[in-house]
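Have a look at the structure below, then the notes.
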Ligand SMILES: [Mg+2]
């Protein structure tokens, strides 16, 4: 595989706030991508508490960088690109088309909408919000990341 990187959203993608634990399949896909040598990033909304939670869930070691901010912007995604060799193929996985999918699209990434839970019915209202792929379980993302 050529060099690939995946930027994961945190809430309702890796972390399930309804069960206060990891999403089904979250650990498995992180481990599988890590085994394949894919570079992983996490972009989360929040503060120090969120960072603490990410640490307590044992997720820190998977990611080259973890970005935790009060709000998300395309700059978060650009900063991940800046940390990887030129030619790296970027993928972004998230549950909100109006947040991470839009930002990652703006950066030219392949976007994967994990359509689940609270924002499953929040459809794209512009081309900029349209994902490259739509999945309903995290396991489906693995075969799309090549
Ligand atoms: Mg989310």
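Things worth noting here:
- Hits in the range 69-118 - residues which are in a loop (DSSP other than H, G, I, E, B) and touching a helix residue (DSSP H, G or I) at 6+ places or on another chain (Cβ under 8 Å): 72, 73, 88, 95, 96, 107, 109
- Among the residues of the range 22-45, those identified as within 11 Å of the ligand (Cβ to nearest atom) and more than 15 Å from residue 112 (Cα to Cα) are 23, 44, 45.
- Only residues that are assigned to a strand (DSSP E or B) and either closer than 15 Å to residue 138 by Cα or within 13 Å of the ligand (Cβ to nearest atom) (or both) were counted across the range 1-16, and they come to 7.
- Inclusion of residue 141 among residues that are more than 13 Å from the ligand (Cβ to nearest atom), closer than 24 Å to residue 2 by Cβ and surrounded by 17 or more Cβ atoms within 10 Å (Cβ to Cβ) is warranted.
- The set of residues in the range 127-146 being touching a residue at least 12 places away in the same chain (Cβ under 8 Å) and out of contact with any helix residue (DSSP H, G or I) (no Cβ under 7 Å at 6 or more places or on another chain) consists of 130, 132, 134, 136, 137, 144, 146.
- Screening residue 19 with (1) more than 11 Å from the chain's Cα centre (by Cα); (2) within 16 Å of the ligand (Cβ to nearest atom); (3) within 30 Å of residue 126 (Cα to Cα) gives one miss only, at (3).
Laboratory data are not the source of any read-out in this text; all were calculated from the coordinates shown. Owing to the predicted nature of the structure, the values given are computational and were not obtained by experimental measurement. Heads up, the Cβs are rebuilt from the backbone with ideal geometry, glycines too, and the neighbour counts pull from every protein chain shown.
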